[in-house]
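For reference, the structure discussed in these notes is given below.
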Amino acid sequence: KINAAVFASGSGSNFEAIMEFDDLICDIVVLVCDNPGAPVLEKAERYGVPSVVFNAKEYSSKANYETLLVRELREHGVEWIFLAGYMRIVGNTLLSTYENRIVNIHPSLLPSFPGKDAIGQAYQAGVDETGVTVHFIDEGIDTGPIISQEPVQVNPEDTKQTLKERIQQVEHRLYPVTINQLLRNS
Ligand code: GAR
């Protein structure tokens, strides 16, 4: 089986969806987290997935902590990285080590609403359709090649919260399925 890592910063509902997916054709062998208080860490513990936690502020540069992360990932035999609510820009150290093997999920139909708070951006813009994108990471912010997308309608009665809930339901279904398709074709 292929070894993979999940990178997450927050609640970890996408991490959980990946772990709960029955026929995932890779093993999630490590969780990388940049937030020592993130709820995703308890989830990893519950699934028996070891976690690597770091505080970016303790390092003088991105290259510094990413070099350490690459070492940890190699020790775990990681071949693929799946970002699931990882709120940091991936730097050259990771990108060059895992070229075309870092994948992200983003809560909009890219190229619309890249960056932070994509759900809030779409809600404020008053669009009647937004969605979810799974894409490769490149040097830009949410600009890498798209792997899969699914639209989500914005209803007139939606609040930002109800819209977020529907988007995340789609994420939890789309991400594991896309991971499997990707690994099957690679
Ligand atoms: C997800 O909605 C994911 O698409 C988003 O963060 C959320 C994490 O939720 N990612 C981004 O906005 C990346 N720019 P989770 O921690 O419950 O999986």
Note to self: Going by amide H atoms built from the backbone, whose H comes under 5 Å of the H on Ile147, apart from near neighbours?
What the structure shows: Val134, His135, Phe136
Check: Between Rg and the Kirkwood Rh of segment 65-186, both from Cα atoms, what is the Rg to Rh ratio?
Finding: 1.01
Note to self: Please report the antiparallel percentage of the DSSP beta bridges confined to the chain, to the nearest 5.
What the structure shows: 40
Notebook entry, point to check: Across 5 Å bins from 0, what is the distribution of all Cα-Cα pair distances for segment 42-116, in whole percents?
Noted result: 3, 12, 21, 25, 20, 12, 6, 0
Item checked: Angle in degrees between helix 62-75 and the longest Cα principal axis of the chain, rounded to the nearest 10 -> 70
Next item on the list: Identify all lysines with a Cα-Cα distance to Lys1 below 20 Å; exclude those on the same chain that are fewer than 8 residues away in sequence.
Entry: none
Next item on the list: For Met87 and Ala63, compute 0.36 nm times the residue count separating them, minus their Cα-Cα distance, and round to one decimal in nm.
Entry: 7.0 nm
Check: If you take the alpha carbon radius of gyration of segment 2-154 and divide it by 2.2 N^0.38 Å, what ratio comes out, to two decimals?
Finding: 1.04
Next item on the list: Only helical DSSP H runs with n ≥ 4 go in: add -39500 (n - 2.57) per run for the chain, normalise by residue count and round the 222 nm mean residue ellipticity to 500 deg cm²/dmol.
Entry: -11000 deg cm²/dmol
Check: Counting pairs of alpha carbon atoms under 8 Å apart in space and at least six apart in sequence, what relative contact order in percent does the chain give?
Finding: 20
Next item on the list: Report the GluC sites (Glu not before Pro) located in segment 54-118 that are in a DSSP loop and have at most 12 other Cβ atoms inside 10 Å of their Cβ, or state none.
Entry: Glu99
Note to self: Taking 0.36 nm per residue of sequence separation and subtracting the Cα-Cα distance, how much length would be gained by fully extending the chain between Asp117 and Arg74, in nm to one decimal?
What the structure shows: 12.3 nm
Notebook entry, point to check: Working out 0.36 nm times the residue gap between Val177 and Ala56, then minus their Cα-Cα distance, what length gain in nm do you get to one decimal?
Noted result: 40.4 nm
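Values quoted throughout were computed directly from the atomic coordinates according to the rules given, and no laboratory measurement underlies them. Source: prediction; values computed, not measured. Please note: Cβ atoms are built from the backbone with ideal geometry, for glycine as well, and neighbour counts cover all protein chains shown.
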